[in-house]
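Novice: What follows is a single structure, and I will ask about it in a moment.
The values are calculated or read from the model by the stated rules, or taken from the named source; none is laboratory data. Model, not experiment: these values are computed from the prediction. Counting neighbours? That spans all protein chains shown, and the Cβs are built from the backbone with ideal geometry, glycine included. Accessible surface areas use protein heavy atoms only, side chains included; no ligands, DNA or RNA. Shrake-Rupley method; radii C 1.70, N 1.55, O 1.52, S 1.80 Å.
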Amino acid sequence: MAEMSDSLFFSLCEALLFSSSEPISETVILRIASEYLQDDEVGPLSEFIEWYNQRQSGLKIVKLAGGWQIVTRPEFSDAVRRLKTTTRKARFSRASLETLAIVAYRQPITAPEIENIRGVECSGVLKSLLDKKLITILGRKHGPGNPLLYGTTPQFLMVFGLDELQSLPSLEEFERDLADSDTKYLEIPFPQTDDISSTSNLESVDEK
Amino acid sequence: MNRIDDYIRIKLELFEGPLDLLLHLIRSQQIDISAISIARITDQYLETIELMKELDLDVAGDFLVMAATLILIKSRMLLPPSENTADNLEEEDPREELIRRLKQYELFKEASLKLEDMEQIRHRMYSRPSTPDEIQGGKDWIIDVSLVDLLTALKDIIIRRKDVIAHIVRPSPVSVREKMTRILELIRENGTLLFSEVFDDASSRQDVIATFLAILELVRTQLIRARQRCLMSDIRLVLCKPRQE
């Protein structure tokens, strides 16, 4: 594996992945590599990735939305953040996360179906998720009113660090967790007066 | 408003909907969803709704629909069991549909918490940001465009077109001709007029422009002449002598 031919292939892969600000698919990497290297020099991409991620490095290669991308290792995030001048945008609201979860697991799904699960009207949340390109319209459902069908986008996979939809943890897993820990839900502690102003949407319903 | 009211107000705003509120009520009793007492939960639910009203919170219709559903289930529970109930007790449980929905909602709520965790982990990994030339560059053209993107683009165009069409040319309330007459009058009265003085009675931007156009027109038709003592000094408007003679 540590032959000269591999090294050249490895170096080229690294250069390609470093240069791209978006995940690149294996097909694209191999196609470019085959144009610049001899056939016997092009190895399987998995070997390169395995080698790369075993090194002592601040970087690693992850699979996102079906492509490969070089990212900084999460353990250095605090340090890396020091260089960032922009602050992080607000996290997702409860409503957005719930709606996204339903769309992700039940797609293609219509707005009324989502509303039935959540028990609340969802048009505003759906619009904001559409605007953020986290969900998209997949078509219309045949039936009364021909409602629009929603599904998640590659952007959704990117934001939540997923390679493909199948990498989502299965709903059965959650079901098991919930069954195991029916007693884990405790009364929300009564907040101090100081806390009230700072109590955000995210903190309080989260009963972990 | 005292502390408790504040607390309740904040908490109520946190419920994503009636199912969320119900789930909270159930969890705070630490009981299994399947074992809920409809009578008890209905009372608690209605109390909470009442409280929301007292606090002038906007009680969304969804909450009221759920209240009606709960009362309906409660009343069904009070009815004596029909004869064939013994055969299929499970199916006849009026709570069944509600329990199913609560469990389903709980599941997705759990999934949403997981998504939140995943997003946080993902956010801790930084990738190289795209450089400005990449954003402008040809690379973007290979991205698949969805119907939504096309519609968004169309919307942008319509908005832009609307802007163009919506531009109405209003008749100018000030006429250049009137301004010309006025300037000539002033110059005749005083013999001369400073350029800056001409604009003293100009009330609006349009007025200023009309006045300026009037000056240009007067100069062009050689009715007045614009003179200056030296560069950058104030401009003096005078009547043209040959015409006067």
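Novice: Please go through segment A:124-150 and give me each residue that is within 28 Å of A:TRP68 (Cα to Cα), touching a Ser or Thr at 6+ places or on another chain (Cβ under 8 Å) and either within 11 Å of chain B (Cβ to nearest Cβ) or basic (Lys, Arg) (or both), ordered by number.
Specialist: A:LEU130, A:LYS133, A:LEU134, A:ILE135, A:THR136, A:ILE137, A:TYR150, listed by residue number.
Novice: Which one is farthest from the other protein chains (Cβ to nearest Cβ), of the residues in segment A:7-44 that are assigned to a helix (DSSP H, G or I) and surrounded by 18 or more Cβ atoms within 10 Å (Cβ to Cβ)?
Specialist: That would be A:PHE9.
Novice: Also, quick follow-up: Here is a check on your reading of the model: is B:ILE49 closer than 29 Å to A:ALA179 by Cβ and at pLDDT 65 or above?
Specialist: no
Novice: Just one of (1) facing another protein chain (nearest Cβ under 8 Å); (2) among the small types (Gly, Ala, Ser); (3) loosely packed, with under 14 Cβ neighbours inside 10 Å trips up A:ALA95, so point out which.
Specialist: Unmet for A:ALA95, out of (1) facing another protein chain (nearest Cβ under 8 Å); (2) among the small types (Gly, Ala, Ser); (3) loosely packed, with under 14 Cβ neighbours inside 10 Å: (3).
Novice: Can you name the residue in segment A:61-92 that is facing chain B (nearest Cβ under 8 Å) and of a type in the set (A, V, I, L, M) and, of all such residues, is surrounded by the most Cβ atoms within 10 Å (Cβ to Cβ)?
Specialist: Going through the qualifying residues, I end up with A:ILE70.
Novice: A further question follows. Would you point out the residue of segment A:98-117, among those that are more than 9 Å from chain B (Cβ to nearest Cβ) and out of contact with any strand residue (DSSP E or B) (no Cβ under 8 Å at 6 or more places or on another chain), that is surrounded by the fewest Cβ atoms within 10 Å (Cβ to Cβ)?
Specialist: Of everything passing the filter in segment A:98-117, A:PRO112 is surrounded by the fewest Cβ atoms within 10 Å (Cβ to Cβ).
Novice: Can you tell me how many residues within segment A:155-188 are open to solvent by 80 Å² or more (accessible area, probe 1.4 Å), at pLDDT 90 or above and either over 23 Å from A:LEU126 (Cα atoms) or in contact with a Gly (Cβ under 7 Å, 6 or more places away or on another chain) (or both)?
Specialist: Matching residues across segment A:155-188 total 1.
Novice: So is A:VAL120 farther than 25 Å from A:LEU171 by Cα and facing chain B (nearest Cβ under 7 Å) or not? Spell out how you get there, then give the answer.
Specialist: Details: farther than 25 Å from A:LEU171 by Cα: no; facing chain B (nearest Cβ under 7 Å): yes.
No: the conditions fail for A:VAL120.
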